[in-house]
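S.K.: Dumping the structure here so I can ask a few things about it.
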Amino acid sequence: MEPPMEQSGGEQEPGAVRLLDLPWEDVLLPHVLSRVPLRQLLRLQRVSRAFRALVQLHLAGLRRFDAAQVGPQIPQAALAWLLRDAEGLQELALAPCHEWLSDEDLVPVLARNPQLRSVALAGCGQLSRRALGALAEGCPRLQRLSLAHCDWVDGLALRGLADRCPALEELDLTACRQLKDEAIVYLAQRRGAGLRSLSLAVNANVGDVAVQELARNCPELQHLDLTGCLRVGSDGVRTLAEYCPALRSLRVRHCHHVAEPSLSRLRKRGVDIDVEPPLHQALVLLQDMAGFAPFVNLQV
């Protein structure tokens, strides 16, 4: 694309080359604008009509968009302008828009970007089942999805996701408190074969029934977060140890019904567990109380 002509405010020295005289698609877009933070692009597009056209061309070709690069908060109008021409996004993160992002804001973006593979909507509480349906229906290549702290996610919404996202590998459902065992069981049965990472943290409705079904249907599961799942107990953990050979990390802090014997088999395999063994906890407590670590003969 040839850069548009722009009148200069002053005389140009003979032989001098302005930035906009450089080839846009061969030089400026791949080697200059690709290194400019989004926040600076918003400023750059205000310089002139030519710079605005250049920035818009760059934004239209984005493969990754993270609203956090703009700032901790981003106005609705700014997001609409930044994404209005984007049709090739593969990664989309919109957590800084959580206070106002609605279905009307998100659904058109999803419709224009069917090749999305990673979407982060953590805390976006103004969305609804409609947005998740549009994502599941329109983005069949989706691999990673964060819905952490999205209270609107219910069993019906999760069923639609499980039915229509065959490539799903990583799913964050932290604090999605409407979800119960039945919804997780359905997810495991429909998409368990490909799941590698799952967070069900901070959900008192999830128990051993869901964990055991995950274990039996998710042979490739590597990371599972059950932090604060008060109904999860030792039975679920023992099933994980039996059926999940690929498991690398398990989070069970505040799962008060999970006993050490059920965790010991996973520890022997080198699985990273966020709860220390009872003996280690006792030594740390003694150290805090006495100011030193006592020597203990562990072979006695």
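S.K.: Counting only helical runs of four or more DSSP H residues, what would the 222 nm mean residue ellipticity of the chain come to if each run contributes -39,500 (n - 2.57) and the total is spread over all its residues? Don't skip to the answer; put the middle values down first.
M.R.: Details: 11 runs with 110 residues, N = 300.
Value at 222 nm, helices only, nearest 500: -11000 deg cm²/dmol.
S.K.: Considering only protein heavy atoms and a 1.4 Å probe, what is the carbon-and-sulfur percentage of the accessible area of the chain? Write out the running numbers ahead of the final one.
M.R.: Working: 8040 of 15790 Å².
In the chain, the share of accessible area belonging to carbon and sulfur is 51 percent.
S.K.: Could you state, as a whole-number percent, how many of the C-alpha pairs of the stretch 63-284 are farther apart than 23 Å? List each step's numbers first, then the result.
M.R.: Details: 11570 of 24531 pairs.
Value for the stretch 63-284 (Cα pairs over 23 Å): 47 percent.
S.K.: Any idea what angle helix 278-290 forms with the longest principal axis of the chain, computed on alpha-carbon atoms, 0 to 90 degrees, nearest 10?
M.R.: Tilt of helix 278-290: around 80 degrees.
S.K.: Next up: Hey, got the dipole for the stretch 20-61? About the Cα centre, +1 on K and R Cβ, -1 on D and E Cβ, debye to the nearest 20? Walk me through the numbers on the way to the answer.
M.R.: Values: 6 positive and 3 negative charges, 73 e Å.
For this selection, approximately 340 debye.
S.K.: Sorted from largest down, what three extents in whole angstroms do the Cα atoms of the stretch 135-195 have along their principal axes?
M.R.: 26, 20, 17
S.K.: Just flag the GluC sites (Glu not before Pro) in the stretch 98-153 sitting in loop per DSSP whose Cβ has no more than 15 other Cβ atoms within 10 Å. If you can, show how the numbers build up before the last one.
M.R.: On the way: sites: GLU99, GLU104, GLU137; in loops: GLU99.
Passing sites in the stretch 98-153 are GLU99.
S.K.: Given a 1.4 angstrom probe, what's the average accessible area per residue across the chain, in square angstrom?
M.R.: On the way: 15790 Å² over 300 residues.
It amounts to 53 Å² per residue over the chain.
S.K.: Given points 7 Å out from each Cα along the Cα-Cβ axis, report the LEU57 to GLU25 separation in nanometres with one decimal.
M.R.: Computed distance between label sites LEU57 and GLU25 equals 0.8 nm.
S.K.: Rank by packing, highest mean first: peptides 219-232, 153-166, 73-86, 265-278, with packing defined as the count of other Cβ atoms within 10 Å averaged across residues.
M.R.: 219-232, 153-166, 73-86, 265-278
S.K.: Now, a different point. For GLN73 and GLU99, compute 0.36 nm times the residue count separating them, minus their Cα-Cα distance, and round to one decimal in nm. Spell out each step's value before the answer.
M.R.: Working: separation 26, 0.36 × 26 = 9.36 nm, distance 0.89 nm.
Computed gain between GLN73 and GLU99 is 8.5 nm.
S.K.: Let me ask something additional. Roughly how far apart, in whole Å, are the Cα centres of the stretch 206-276 and the stretch 126-176?
M.R.: 23 Å
The values are calculated or read from the model by the stated rules, or taken from the named source; none is laboratory data. Just so it is clear, the structure is predicted and the values come from calculations on it, not from any experiment. All Cβ positions, glycine included, derive from the backbone under ideal geometry; neighbour counts span all protein chains shown. The area values use the complete protein model at the heavy-atom level, side chains included, leaving out ligands, DNA and RNA. Shrake-Rupley method; radii C 1.70, N 1.55, O 1.52, S 1.80 Å.
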